[in-house]
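The values are calculated or read from the model by the stated rules, or taken from the named source; none is laboratory data. Note that the structure is predicted; figures quoted are calculated from it, not measured. Quick reminder, even Gly has a Cβ in these numbers, built from the backbone with ideal geometry, and neighbours come from all protein chains shown. Each accessible area value is taken on the protein alone, full model and side chains, heavy atoms only, with ligands, DNA and RNA left out. Shrake-Rupley method; radii C 1.70, N 1.55, O 1.52, S 1.80 Å.
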Amino acid sequence: MPWEELYETARTIVADDKGILAADESTGTIKKRFDAIGVESTEETRRAYRNLLFTTAGMEDYIGGVILYDETIRQRSDDGTPFAGLLASKGVVPGIKVDTGAKALALFPGETVTEGLDGLRERLQEYHELGARFAKWRAVITIGDGIPTDACIDANAHALARYAALCQEAGLVPIVEPEVLMDADNSIETCDDVTGRTLRALYAALYAVDVHLRGTLLKPNMVIAGKGSPVQASTEQVAAMTVHNLKRHVPALVPGIVFLSGGQSEVQATENLNAINRLGGPWPLSYSYGRALQASALSAWGGDPANVEAAQAAFLHRARMNSLAVAGQWEPALEEQLTLTSG
């Protein structure tokens, strides 16, 4: 098993203050995003939009990896280059989403377990041949009345661990994503408790199946109050509680932590990431953002080829802002730069 290759891939993705572009929206999810800007979701419009992102000049200065979807890893750029090859030629590591979604957990109302283990070994081999060098699996942990239960947390931790072991067997770095949703009205203290329970179960499960942690990346939620909570914590409190939680539960030999944005606005996700990095930890603390990297670009594009340059500028700006946040060097005034340079 080429462990050193896995370690090096994981380190490369988060080297030099870089993060991950999550461009792995399912067909259903990207249709919702396209509907919001009045663009019909077809295989070609989806390809054209991903082409816009991946051909952005300079994106490789801030993006170390891109998570692709099954359709996307089989698509090509305007000049016929497979997307995985295009990214690799820029020094960006191609990755792939491999789970098949969260499904209802039998006998546990309101809770889910992520599926996709059946046939995964064969799919991972194919994705490796298509150019992927890392993968992603998302577990969904919901906060509510009496939930999450230990049964739900354990079921998802077990699935994440089996997925991670299969990834490493196939020569892919597994990103393990146990997302505690921020959609409820819970306090930040409740999120802190549930995140801790989830991470404890996750690392116990990974140890149990002998996953090499140096060849993994963790994609967690930040510790944050639910969207419906009447009390929203300050950026400083989010950063302090997030870093404290991770230091308690995540082994220091994990080569990188790449936060999900979890529905935060673009600037909020950057601001919180910046505050987290000003506290720091034993690991690179980076990002694996979808909407928080793409929302402005998607709006600027609007499906019109004439808007590609403006959309790429918006995407590059967000990537740069988040890279600065990884370095703890983001400032609100920097958000004005895009307007000033494009105005």
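Taking the numbered list (1) open to solvent by 30 Å² or more (accessible area, probe 1.4 Å); (2) out of contact with any Lys or Arg (no Cβ under 8 Å at 6 or more places or on another chain); (3) in contact (Cβ under 8 Å) with a residue 40 or more places away in the chain in turn, Ala252 passes all entries but (3). Being more than 16 Å from the chain's Cα centre (by Cα), of a type in the set (A, V, I, L, M) and not in a helix (DSSP H, G or I) is a property that Val66 lacks. Contact map, the range 193-216: residues that are free of Cβ contacts under 8 Å to residues at least 12 places away in the same chain and surrounded by fewer than 23 Cβ atoms within 10 Å (Cβ to Cβ) paired with residues that are assigned to a helix (DSSP H, G or I) and among the small types (Gly, Ala, Ser), Cβ distance under 9 Å, separation 6+ or inter-chain. Pairs shown: Tyr207/Ala161. Note on the range 86-127: among residues that are part of a loop (DSSP other than H, G, I, E, B) and charged (D, E, K, R), the one that is most open to solvent (accessible area, probe 1.4 Å) is Asp118.
Of everything in the range 1-20 that's outside any helix (DSSP H, G or I) and more than 20 Å from Phe315 (Cα to Cα), which residue is most open to solvent (accessible area, probe 1.4 Å)? Of everything passing the filter in the range 1-20, Met1 is most open to solvent (accessible area, probe 1.4 Å).
Select from the range 137-151 the residues that are open to solvent by less than 20 Å² (accessible area, probe 1.4 Å) and either more than 10 Å from Val194 (Cβ to Cβ) or modelled with pLDDT under 95 (or both) and list them in ascending order. Result: Trp137, Ala139, Val140. Which one is surrounded by the most Cβ atoms within 10 Å (Cβ to Cβ), of the residues in the range 292-322 that are in contact (Cβ under 8 Å) with a residue 40 or more places away in the chain, under 19 Å from Gly263 (Cα atoms) and not aliphatic (A, V, I, L, M)? Checked the range 292-322; the qualifying residue surrounded by the most Cβ atoms within 10 Å (Cβ to Cβ) is Asn322.
Taking the range 244-343 as the region of interest, the helices (runs of 4 or more DSSP H) fully inside it that hold 2 or more residues being closer than 14 Å to Leu21 by Cβ are 266-279, 291-301, 308-326.
Kindly indicate whether Ile276 is among the aliphatic types (A, V, I, L, M), buried (at least 16 other Cβ atoms within 10 Å of the Cβ) and touching a helix residue (DSSP H, G or I) at 6+ places or on another chain (Cβ under 6 Å). In short, yes.
Taking the criterion of being of a type outside the set (D, E, K, R), under 16 Å from Asn221 (Cβ atoms) and open to solvent by less than 20 Å² (accessible area, probe 1.4 Å), the residues of the range 152-185 that qualify are Cys152, Ile153, Asn156, Ala157, Leu160, Ile175, Val176, Pro178, Val180.
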